[in-house]
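Peer 1: To start, I am sharing the structure in question, which I have written as structure tokens.
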Amino acid sequence: MNKKYIEIEFKCCRKAYYINSEEYPFSVDDYAIVAAEKGEDIGRVHNFFEKLPETFTGETVRTIHRKASDFDIRRMTENRQKEEADKGVAKSYIDKHMLEMKLVTVEYQLDSNKVTFYFTADQRVDFRE
């Protein structure tokens, strides 16, 4: 299915719209390599659009670089393993510094240029220490 815009879903159900300017032939659940803030990321195709939905808030629409290769999917799997290891390290720091927060998950960008720690807390958390 070739539509101009594709909604990509990432880990933790985070979604964003991307332009499929090269008209790659995607199907729902295919993996796509997309432009990210600091490199490349991988996500799963969730939906297709001819134009952006009216609910779109106007953030930047990045581009789809290509369909994911077997190599990309292996990298994603390796990153998921690193995420689990880093989750344990992060939890030890949370305990050590007695931070009142709960770590939800860890997510590596495909190229490992960026790692994000998702957490919840009832109040602002001071990370200065």
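Readers should treat all values here as calculations from the given coordinates under stated rules, not as data from a laboratory. Only a predicted model underlies this, so the values are computations on that prediction, with no experimental measurement involved. Virtual Cβ from ideal backbone geometry, glycine too; neighbours counted across all protein chains shown.
Peer 1: Given the C-alpha centroids of segment 60-110 and segment 32-58, what is the distance between them in whole angstrom?
Peer 2: 19 Å
Peer 1: Something else about it: Among [x] 23; [y] 35; [z] 43, find the value of percent of Cα pairs over 25 Å apart that was calculated from the structure presented, and write down its label.
Peer 2: Matching entry in [x] 23; [y] 35; [z] 43: [y].
Peer 1: Which chymotrypsin sites (Phe, Trp or Tyr not before Pro) does segment 70-129 hold that lie in a coil by DSSP with at most 10 other beta carbons within 10 Å?
Peer 2: Sites meeting the loop and neighbour criteria: Phe127.
Peer 1: Within segment 31-84, which trypsin sites (Lys or Arg not before Pro) sit in a loop by DSSP and count at most 10 neighbouring Cβ atoms inside 10 Å?
Peer 2: Sites meeting the loop and neighbour criteria: Lys38, Lys51.
Peer 1: In addition: Straight-line reach from Lys67: which aspartates and glutamates fall under 17 Å, measuring Cα to Cα and dropping same-chain residues less than 8 apart?
Peer 2: Correct list for Lys67: Glu7, Glu9, Glu22, Glu23, Asp29, Asp30, Glu40, Asp41, Asp111.
Peer 1: Can you tell me, using C-alpha contacts under 8 Å and at least 6 residues apart, the relative contact order of the chain as a whole percent?
Peer 2: 22 percent
Peer 1: Show that you can apply the helix-only estimate: for the chain, add -39,500 (n - 2.57) for every DSSP H stretch of four or more residues, divide by all residues, and state [θ] at 222 nm to the nearest 500.
Peer 2: Taking each H run of at least 4 residues, the total per residue is -7500 deg cm²/dmol.
Peer 1: Shifting gears a bit: Send over the semi-axes of segment 74-120's equivalent ellipsoid, whole angstrom and largest first, taken as the square roots of 5 times the C-alpha gyration tensor eigenvalues.
Peer 2: After scaling each eigenvalue by five and taking roots: 22, 10, 8 Å.
Peer 1: Just flag the trypsin sites (Lys or Arg not before Pro) in segment 100-129 sitting in loop per DSSP whose Cβ has no more than 15 other Cβ atoms within 10 Å.
Peer 2: Those that pass, being in a loop and sparsely packed, are Lys114, Arg124, Arg128.
Peer 1: Return a whole-number percent for the relative contact order of segment 78-123, with Cα pairs under 8 Å and 6 or more residues apart as the contact set.
Peer 2: With pairs under 8 Å counted, the relative contact order is 36 percent.
Peer 1: Placing unit charges on C-beta atoms (Lys and Arg positive, Asp and Glu negative, everything else neutral), compute the dipole magnitude of the chain about its Cα centre in debye, rounded to 20.
Peer 2: 80 debye
Peer 1: Same structure, new question: So who's got an amide H within less than 5 Å of the one on Leu110, skipping anything under 5 residues away but keeping other chains? H placed 1.01 Å off N, in plane.
Peer 2: Here Asp41, Ile42 satisfy the definition.
Peer 1: Within 14 Å, Cβ to Cβ, of Gln81, how many net charges do the neighbouring residues add up to if Lys/Arg are +1 and Asp/Glu are -1?
Peer 2: +1
Peer 1: Listed here are the pairs Lys82/Lys114; Lys11/Lys96; Lys3/Lys114; Lys91/Lys114; Lys15/Lys114; which of them are more than 21 Å apart at the Cα?
Peer 2: Checking Cα-Cα distances, Lys11/Lys96; Lys3/Lys114 exceed 21 Å.
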